[in-house]
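J.: Below: one structure in structure tokens.
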Amino acid sequence: PLDAEGLRAFGREDGIIRDHLHLEPDRPARHDRAEVAGADLAERLAATRAATLRLIAPLSEEDCQVQSMDDASPAKWHLAHTTWLFETFVLEAFEPGFMPFDADYRMLFNSYYHAIGPQHARPRRGLITRPSLREVLRYRADVDARVLRLLERSDGPPQLRQLVWLGVQHEQQHQELL
């Protein structure tokens, strides 16, 4: 597992990533959706989200901003977009009194979900200088905590768990792109 010492070895002493990593060993992967319910789903969500942060741990804030080509989004955008999915499809639907972390993110981090609204053009994602990486990580932490609170409720509808499971799979797809 990656710990604070390992992060320093990667030259990431500024704490942007370290402050947001859950420094716990990975849990074995489960691939059977029926097996992943309740507390197991919350653990899988947390482990998957932490795995994404481990992937970007060696990168500087500037590295996370770079868009190497029009068809490849920057790491910072992936971090925010996967969070956007949980906020838009899970929190907005199931959190009582839902309030977005930042209403501007609805368009900024929407990839191609036309029914949700407009999107920021993919070839121009590398030009998004705000929010900063630190703010994107705050966004992730906020949305993660809110989703986990929803999962703690035993009376949550099956659709909630299904959408969280879909979000976990979506996050893993974006890990492949990072």
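The values are calculated or read from the model by the stated rules, or taken from the named source; none is laboratory data. All figures in this text were calculated on a predicted structure; none of them were measured in a lab. We place every Cβ from the backbone using ideal geometry, glycine too, and count neighbours over all the protein chains shown. SASA here: full protein model, heavy atoms, side chains in, ligands and nucleic acids out. Shrake-Rupley method; radii C 1.70, N 1.55, O 1.52, S 1.80 Å.
J.: May I ask for the percentage of alpha-carbon pairs in the stretch 111-178 that lie more than 18 Å from each other?
T.: 59 percent
J.: So how much accessible area does Met107 have, in Å² to the nearest 10, using a 1.4 Å probe?
T.: Rounded to the nearest 10, the figure is 80 Å².
J.: Now for a different question. Points 7 angstrom from Cα along the Cβ direction at Asp155 and Tyr113: gap in nanometres?
T.: According to this spin-label approximation, the distance is 2.6 nm.
J.: Can you work out the base-10 log of I(q)/I(0) for the stretch 81-133 at q = 0.15, 0.16, 0.26 1/Å, using the Debye formula on its C-alpha atoms alone?
T.: -0.42, -0.48, -1.11
J.: For the stretch 64-124, state which trypsin sites (Lys or Arg not before Pro) are in a DSSP loop and have at most 16 other beta carbons lying within 10 Å of their beta carbon.
T.: Here no loop site has a sparse enough neighbourhood.
J.: Kirkwood Rh over alpha-carbon pairs of the stretch 31-178, then Stokes-Einstein at 37 °C and 0.692 mPa s: what D in µm² s⁻¹, rounded to an integer?
T.: 209 µm²/s
J.: Right, here's the next one. Chymotrypsin sites (Phe, Trp or Tyr not before Pro), restricted to the stretch 71-167: which are DSSP loop and have at most 10 other Cβ atoms within 10 Å?
T.: Passing both the DSSP loop test and the Cβ count: Tyr112.
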